[in-house]
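Each remark here refers to the structure printed beneath this line.
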Amino acid sequence: MTKQRILSGIQTTGDLHLGNYLGAIRNWVEIQEQYDSYLFMADLHAITVPHDPKVLASTTRRVAATYLACGINPKQATIFIQSHISAHAELAWILNCITPLNWLERMIQFKEKALKQGEDVSVGLLDYPVLQAADILLYEPDHVPVGEDQRQHLELTRDIAQRVNYKFGTETQPILKVPNPLIRKEGARVMSLADGTRKMSKSDPSELSRISILDTNDAIATKIKKCKTDPTRGLEFGNPDRPECNNLLTLYMLLSGQTQATVAAECAEIGWGQFKPLLTETTIAAIAPIRDRYDEILAEPGYLDTVLREGREKAETLANATLSKVKNALGFAPMI
Ligand code: AMP
Ligand code: TRP
């Protein structure tokens, strides 16, 4: 029996944080044996906001090495860089021409990011979800494992695929496969350490708002020491008036691998002074081995290059086949 396929990616706008790990990568690792996995570094998405050309390539490689360090097995998964496969940009163009503008104007992430950018909003930022749809549809995945914040983009991807099929396909021969989101409840939304109502994000100007997977033990300890809490003693899940409390307990639960009931019982009576060292210790125990493996991966000459070259070759074949199918269906002149 052939395995079902998954595809996912992360923007290369900075080092990955606990939200990326708990909301995305950890899930990819858990299901990689079960599925044929395609995982990529979204560097074309990284330039939808102003970027620094001097660090783009190295950030992309750091993200790739982080995937491997977190336990993605390149013998099982296909790992590649988005910009190395021109079919992404080409299909995005084609999809642009069939996507109504008002579908993009209502995207929450666009509205939030556009507000932050002020005057400097590129067409690329508006078009971001169409490129994402191209990323996905090229590989005909069954499922797309992402965090909760990507639900709307996945719905748009489904709408775009259905529109292509409706306009250019037939009932019996759809052109694009309509994928399903795979969003786990736990960890789907890790919040900022500085404000429990905002999500942890690479683009938050404050380093103190997030724990990077590559942070040193000292940095982790400092960030947890300084993170926002509340004046109430006794910690609990799910109290809407205590978003920080819910977030920090959830992090503790996920990183320690305990159940919610166990953590709720353990923390019901304690105060922040007792909880913070516990969370620090647990976070360091979860992250330190990943950081060590990351260093080993980058120290091995040529290893990452080989993974990325093999990944590109395999991904490209699949992507180009889907692109040809779409171009044929839209009536482009065949290549001579
Ligand atoms: P990004 O960093 O925005 O490229 O996101 C890459 C992946 O990490 C996507 O699957 C996101 O849904 C997930 N992700 C990003 N931030 C968070 C967060 N704060 N909590 C949970 N998942 C997240
Ligand atoms: N937009 C995604 C994010 O910010 C990253 C991404 C780009 C992606 N292309 C994708 C995720 C394709 C899944 C599938 O999280």
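Descriptive notes on the structure:
- Every residue from the range 238-271 that is touching a residue at least 12 places away in the same chain (Cβ under 8 Å), surrounded by fewer than 16 Cβ atoms within 10 Å (Cβ to Cβ) and within 26 Å of the chain's Cα centre (by Cα): Q260
- Matching residues, the range 143-182, being within 11 Å of ligand 2 (Cβ to nearest atom), assigned to a loop (DSSP other than H, G, I, E, B) and either under 13 Å from N27 (Cα atoms) or of a type in the set (A, V, I, L, M) (or both): V146, G147
- Residues of the range 223-237 classified as within 27 Å of the chain's Cα centre (by Cα) and more than 14 Å from A194 (Cβ to Cβ), total: 1
- Matching residues, the range 51-94, being without any contact (Cβ under 8 Å) to a residue 24 or more places away in the chain and part of a loop (DSSP other than H, G, I, E, B): D52, K75, S86
- The lone criterion from (1) crowded, with 17+ Cβ neighbours inside 10 Å; (2) on the phi < 0 side of the Ramachandran plot; (3) within 14 Å of ligand 2 (Cβ to nearest atom) left unmet by E140 is number (2).
- Residue within the range 29-50 that is within 14 Å of ligand 1 (Cβ to nearest atom), assigned to a helix (DSSP H, G or I) and β-branched (V, I, T) present: yes
- Residue match in the range 211-223 (condition: closer than 22 Å to R62 by Cβ, assigned to a helix (DSSP H, G or I), at pLDDT 95 or above and among the β-branched types (V, I, T)): yes
- When the range 198-218 is limited to residues that are buried (at least 17 other Cβ atoms within 10 Å of the Cβ) and under 23 Å from R293 (Cα atoms), the one that is nearest to the chain's Cα centre (by Cα) turns out to be K202.
- Screening L176, L154 for residues that are at pLDDT 90 or above, within 16 Å of ligand 1 (Cβ to nearest atom), among the hydrophobic types (A, V, I, L, M, F, W, C) and more than 17 Å from Y21 (Cα to Cα) leaves exactly one candidate, L154.
- Number of residues in the range 1-28 that are in contact with an Asp or Glu (Cβ under 8 Å, 6 or more places away or on another chain), away from ligand 1 (no atom under 14 Å from the Cβ) and hydrophobic (A, V, I, L, M, F, W, C) equals 0.
- Residue pairs whose Cβ atoms lie under 7 Å apart, sitting 6 or more positions apart in sequence or on different chains, and linking a residue in the range 1-22 that is over 22 Å from D36 (Cβ atoms) to a partner that is in a helix (DSSP H, G or I) and near ligand 1 (Cβ under 8 Å from one of its atoms), are Q11/H45.
The values are calculated or read from the model by the stated rules, or taken from the named source; none is laboratory data. In this text the structure is predicted, and so the values were computed from the model without any measurement. So basically every Cβ, Gly included, is an ideal-geometry build from the backbone, and we count neighbours across all protein chains shown.
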